[in-house]
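Asks: Before I ask anything, let me first share the structure, which is written out below as structure tokens.
All of the numbers you see were taken from the coordinates with simple rules; none came from a lab. Quantities reported herein were computed from a predicted structural model and do not represent experimental measurements.
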Amino acid sequence: MLKVAVLVSGGGTNLQALIDSIEAGKVKNAEIVRVVSSREGVKALNRAEKAGIETVVVRKKDYADEESYCSAMLKVLSECGADLIVLAGFLSVLPASLVKEYENRIINIHPSLIPSFCGVGYYGLKVHEEALKRGVKLTGATVHFVDEGCDSGPIILQKAVSTRIDDTPETLQRRVMEEAEWKLLPEAVNLIAAGRVRVRDGKAEIS
Ligand code: GRF
């Protein structure tokens with residue numbers, strides 16, 4: 001059984017999609033052992049509690065430096081025995097040493113087709129605003145492994161979503177979630193739990 005820790009900062013709809021997919025048996029051999037939030041009082045925490053998952057809040061600003069924040073995170077992750085860390089709308093930057101420690105065991109969902117509309121500053125509605133500004137006909141979502149860079153790790157899965165002439169950033173964000181994110185993230189966890197994803201030469205391969 002793959003033990004999964006999900007890191008969140010906000011609404012937690014991707015967390016919910018994962019909870020529902022595990023409950024429905026669509027994601028096999030995986031259990032969420034902890035939900036870690038970078039903020040107090042967010043809806044993602046309610047979702048976790050409702051599903052009977054233990055939660056913890058770890059706020060970077062409560063620590064004197066990066067090193068002590070990193071130790072606190074590592075403690076939480078090792079205590080719950082996490083094999084895989086899922087960033088589901090997690091808005092803090094993980095310390096490089098933690099990323100190294102969990103190499104190819106951290107995944108993130110990003111609401112665009114990487115390498116478009118990604119990198120520093122591209123999160124939330126900004127991603128969709130820029131996609132619409134550029135007039136792309138296709139956008140989508142990407143699940144990728146997390147490396148020391150920003151949205152630069154090996155790509156695991158991508159799904160395209162069409163833009164519409166009357167889209168606003170809000171309508172596009174919603175459709176990308178419904179049509180891509182909420183499907184891709186559980187699918188990626190399922191593939192990893194089945195041992196079907198490996199990284200070779202900086203690229204993720206699915207068998
Ligand atoms: C999603 O759009 C995800 O792609 C991005 O942050 C958002 C989180 O939404 N990384 P939610 O908290 O899962 O509802």
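Asks: Restricting the count to DSSP beta bridges whose residues both fall in the range 2-206, what percent are antiparallel, rounded to a multiple of 5?
Replies: Counting only bridges with both partners in the range 2-206, antiparallel ones make up about 45 percent.
Asks: Turning to a different aspect of this structure: Could you give me the radius of gyration and the Dmax of the chain, taking only the C-alpha atoms into account and expressing both in angstrom?
Replies: So, for the chain, Rg and Dmax equal 16.3, 49 Å respectively.
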